[in-house]
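Here is the structure we will look at, set down as structure tokens.
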Amino acid sequence: QVQLVESGGGLVQAGGSLRLSCVASGSIFSISAMAWYRQAPGKERELVARIRNGGSTSYADSVKGRFTISRDNTKNTVYLQMNSLKPEDTAVYYCMTNMVVHGRANVMDYWGRGTLVTVSS
């Protein structure tokens with residue numbers, strides 16, 4: 001079995017910063033892309049940032065210049081540094097990884113349960 005556990009969410013004032021972490025554990029054979037998504041109340045889940053195994057990154061336009069995604073492959077961990085937070089960044093943030101697990105031959109998407117980020121004005 002595989003688990004993704006996010007941490008680092010919380011309440012912060014506008015202009016503040018938070019750092020999210022997500023650790024993948026279990027019968028992992030390999031991890032390719034890792035990403036952060038978010039879902040605000042009443043809205044669809046959206047991609048925030050993605051980082052590929054080689055380190056290349058991509059961001060949603062709404063967070064470019066404010067958020068930074070990184071990963072530590074030795075710890076199967078992905079991070080999201082969020083600076084200059086705005087009230088519209090309020091959402092549940094989910095970690096997602098593309099992984100091959102032992103006993104399976106194909107790459108699958110695995111999701112964490114999410115961590116709530118609330119930005120007050």
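Under 25 Å Cα to Cα from residue 64, which lysines show up? Leave out anything in the same chain fewer than 8 places away.
43, 86
Kirkwood hydrodynamic radius (Cα pairs, Å) of the chain?
About 14.5 Å, per the Kirkwood formula over Cα pairs.
Between residue 43 and residue 84, what length comes free when the chain is fully extended (0.36 nm per residue of separation minus the Cα-Cα distance, one decimal in nm)?
Contour length minus Cα-Cα distance gives 12.6 nm.
Using R₀ = 25 Å, calculate the FRET efficiency as 1/(1 + (r/R₀)^6) where r is the Cβ-Cβ separation of residue 100 and residue 64; round to 0.05.
So, using R0 = 25 Å, E works out to roughly 0.25.
Could you order the peptides 86-98, 66-78, 36-48 from most to least packed, using the average number of other C-beta atoms within 10 Å per residue?
Output ranking for 86-98, 66-78, 36-48: 86-98, 66-78, 36-48.
Scale the Cα Rg of the range 1-59 by the rule-of-thumb value 2.2 N^0.38 Å and send over the ratio, two decimals.
Ratio of Rg to 2.2 N^0.38 Å for the range 1-59: 1.33.
As an exercise, use a Förster radius of 22 Å and the Cβ-Cβ distance of residue 109 and residue 5 to find the FRET efficiency, rounded to the nearest 0.05.
Working from the Cβ atoms, E equals 0.85.
Each reported figure results from applying straightforward, stated rules to the coordinates on display, with no laboratory input. Keep in mind that what you see is a predicted model, and the values were worked out from it rather than measured. Don't worry about glycine lacking a Cβ; one is built from the backbone with ideal geometry, like all the others, and counts go over all protein chains shown.
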